[in-house]
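Participant: Below is one structure. I have some questions about it.
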Amino acid sequence: TALLHKGRIVFIADTLVHEWPDENDLANIAESGARVARHLGLEPRVAFVSFSTFGYPVSERAEKMHLAPEVLDQRGVDFEYEGEMTVDVALNAASQANYPFSRLTGPANILVVPARHSASISVKLMQEMAGATVIGPILTGLDKSIQICSSNSTANDILNMAILAACKVG
């Protein structure tokens, strides 16, 4: 799902398919997000977000967010990624400066979230409280370019999804 707000675009994944992804699923989600970003002319910077940053505080629940970058290391992907980190560190260059060892060279534009429910909550919160424009969810990895709209979609929502499908984004 793409969020447009204050001149920025940030993708939140996965808001639709994986209910409770493991580190391999999360790595796949990151790669799909990077493909979408590149298709739209953006250089992908992926952050695996959590309530902890680089292992502090320690939590079993955050472990998969810490392991997902290691999966991408093994795959040798060609985009920036880092994790695990809090959303403020992922999106704010000043906060990132506190972690000079981070591989991100700037604010993330793809946030990979630990579970579908937290991704969906994040998107709806930004839409309702901050007035962000939401485009998506964006389906990826299918043989055909297919996008879906919810029953409460506006005409603009339907147009945006039709454009994504026509441009074969995903």
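Participant: If a residue has to be under 23 Å from Glu23 (Cβ atoms) and out of contact with any Gly (no Cβ under 9 Å at 6 or more places or on another chain) to count, how many in segment 89-98 make the cut? So that I can check it myself, show each step before the final result.
Facilitator: Step one: of segment 89-98, the residues under 23 Å from Glu23 (Cβ atoms) are 89-91, 96.
Among the residues that remain, those that are also out of contact with any Gly (no Cβ under 9 Å at 6 or more places or on another chain) are: 89, 91.
Total meeting the criteria: 2.
Here is a yes/no grid of residues against (1) without any contact (Cβ under 8 Å) to a residue 60 or more places away in the chain; (2) under 21 Å from Ser102 (Cβ atoms):
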site	(1), (2)
Arg8	no, yes
Asn24	yes, no
Ala27	yes, yes
Ser32	no, no
His39	no, no
Ser52	yes, yes
Gly55	yes, yes
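Conditions tested, residue by residue: (1) surrounded by 14 or more Cβ atoms within 10 Å (Cβ to Cβ); (2) under 13 Å from the mean Cα position of the chain (by Cα).
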{"site": "Val46", "(1), (2)": "yes, yes"}
{"site": "Tyr56", "(1), (2)": "no, no"}
{"site": "Ser59", "(1), (2)": "yes, no"}
{"site": "Glu70", "(1), (2)": "no, no"}
{"site": "Gly76", "(1), (2)": "no, no"}
{"site": "Glu82", "(1), (2)": "yes, yes"}
{"site": "Ala93", "(1), (2)": "no, no"}
{"site": "Asn98", "(1), (2)": "no, no"}
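Participant: Which one of these is modelled with pLDDT under 95 and either under 19 Å from Pro107 (Cα atoms) or of a type outside the set (Lys, Arg) (or both): Glu82, Glu63?
Facilitator: Working: Glu82 fails: modelled with pLDDT under 95.
Glu63 is the lone residue from the list that is modelled with pLDDT under 95 and either under 19 Å from Pro107 (Cα atoms) or of a type outside the set (Lys, Arg) (or both).
Participant: Of the residues Ala34, Ala97, Ala27, only one is modelled with pLDDT of 95 or more, in contact with a Leu (Cβ under 7 Å, 6 or more places away or on another chain) and of a type outside the set (D, E, K, R); which?
Facilitator: Answer to the check: Ala27.
Participant: Give the residues of segment 1-33 that are outside any loop (DSSP other than H, G, I, E, B) and either at positive phi or not hydrophobic (A, V, I, L, M, F, W, C) (or both), sorted by residue number.
Facilitator: Of segment 1-33, the ones outside any loop (DSSP other than H, G, I, E, B) are 2-5, 8-13, 23-33.
The answer is His5, Arg8, Glu23, Asn24, Asp25, Asn28, Glu31, Ser32, Gly33.
Participant: Continuing with this model, one more query. Output the number of the condition that Ser122 fails; it satisfies all remaining conditions of (1) surrounded by 15 or more Cβ atoms within 10 Å (Cβ to Cβ); (2) outside any loop (DSSP other than H, G, I, E, B); (3) more than 15 Å from the chain's Cα centre (by Cα); (4) at pLDDT below 95.
Facilitator: Tallying (1) surrounded by 15 or more Cβ atoms within 10 Å (Cβ to Cβ); (2) outside any loop (DSSP other than H, G, I, E, B); (3) more than 15 Å from the chain's Cα centre (by Cα); (4) at pLDDT below 95, Ser122 fails exactly one: (3).
Participant: Would you be able to say whether some residue in segment 103-118 is polar (S, T, N, Q), closer than 17 Å to Asp25 by Cα and out of contact with any helix residue (DSSP H, G or I) (no Cβ under 7 Å at 6 or more places or on another chain)?
Facilitator: So in segment 103-118, the residues polar (S, T, N, Q) come out as 105, 109, 118.
Next, from what is left, pick out any that are closer than 17 Å to Asp25 by Cα: 118.
Still in the list and also out of contact with any helix residue (DSSP H, G or I) (no Cβ under 7 Å at 6 or more places or on another chain): 118.
Taking every residue of segment 103-118 in turn, at least one turns out to be polar (S, T, N, Q), closer than 17 Å to Asp25 by Cα and out of contact with any helix residue (DSSP H, G or I) (no Cβ under 7 Å at 6 or more places or on another chain).
Participant: Condition test on Ile138, is it at pLDDT below 75, part of a loop (DSSP other than H, G, I, E, B), among the β-branched types (Val, Ile, Thr) and in contact with a strand residue (DSSP E or B) (Cβ under 7 Å, 6 or more places away or on another chain)?
Facilitator: Numbers: at pLDDT below 75: yes; part of a loop (DSSP other than H, G, I, E, B): yes; among the β-branched types (Val, Ile, Thr): yes; in contact with a strand residue (DSSP E or B) (Cβ under 7 Å, 6 or more places away or on another chain): yes.
Answer is yes for this residue.
Participant: For Ala62, only one of the following conditions fails: (1) part of a helix (DSSP H, G or I); (2) under 22 Å from Met126 (Cα atoms); (3) in contact with a Pro (Cβ under 8 Å, 6 or more places away or on another chain). What is its number?
Facilitator: So Ala62 meets the others, but not (2).
The values are calculated or read from the model by the stated rules, or taken from the named source; none is laboratory data. Source: prediction; values computed, not measured. Quick reminder, even Gly has a Cβ in these numbers, built from the backbone with ideal geometry, and neighbours come from all protein chains shown.
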